[in-house]
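Below is one structure, written out as structure tokens; comments come after it.
The values are calculated or read from the model by the stated rules, or taken from the named source; none is laboratory data. Fair warning: this is a prediction, and the values are worked out from it, not measured in the lab. In this analysis, Cβ positions are derived from the backbone assuming ideal geometry, glycine residues included, and neighbour counts consider all displayed protein chains.
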């Protein structure tokens, strides 16, 4: 029997994942191990503007090329992978965007922007949103 107490809204799921991502960045766990936590927060704060100006693919490519916040790219890939399962087994978000359809890109962009609202609030609350 499923109770309504166990069901979470999409927004609650975003919040939970984003909170865990910020905690991982602070603890330097996994893909965050070689990253300065403030770089994570600073780049997360700038990412929505980068996405709106250049698109999700260009914004992620910029972060990857500069080796800015690899943990941020990993967390976004993980979140989108959970919400929009890959049809061809690709896990990396940038790889999925390059090889996906325009509809996949639209969906991923909308979801990343919604997710970043939570991530940026939590990063700010934990003191990670200072300018670099």
Residue satisfying all of: in the stretch 65-95; in a helix (DSSP H, G or I) and out of contact with any helix residue (DSSP H, G or I) (no Cβ under 7 Å at 6 or more places or on another chain); surrounded by the fewest Cβ atoms within 10 Å (Cβ to Cβ) among these: 65
Selection within the stretch 46-60 - surrounded by fewer than 16 Cβ atoms within 10 Å (Cβ to Cβ) and closer than 19 Å to residue 104 by Cβ: 52, 54, 55, 58
Within the stretch 96-116, considering residues that are in a helix (DSSP H, G or I) and without any contact (Cβ under 8 Å) to a residue 12 or more places away in the chain, the one farthest from residue 63 (Cα to Cα): 103
Residue that is nearest to residue 68 (Cα to Cα) [pool: residues in the stretch 16-45 that are crowded, with 18+ Cβ neighbours inside 10 Å and out of contact with any helix residue (DSSP H, G or I) (no Cβ under 8 Å at 6 or more places or on another chain)]: 39
Odd one out for residue 18, checked against (1) modelled with pLDDT of 95 or more; (2) in a loop (DSSP other than H, G, I, E, B): (2)
Filter pass, residue 8 being in a loop (DSSP other than H, G, I, E, B), without any contact (Cβ under 8 Å) to a residue 12 or more places away in the chain and either over 17 Å from residue 81 (Cα atoms) or touching a strand residue (DSSP E or B) at 6+ places or on another chain (Cβ under 9 Å) (or both): yes
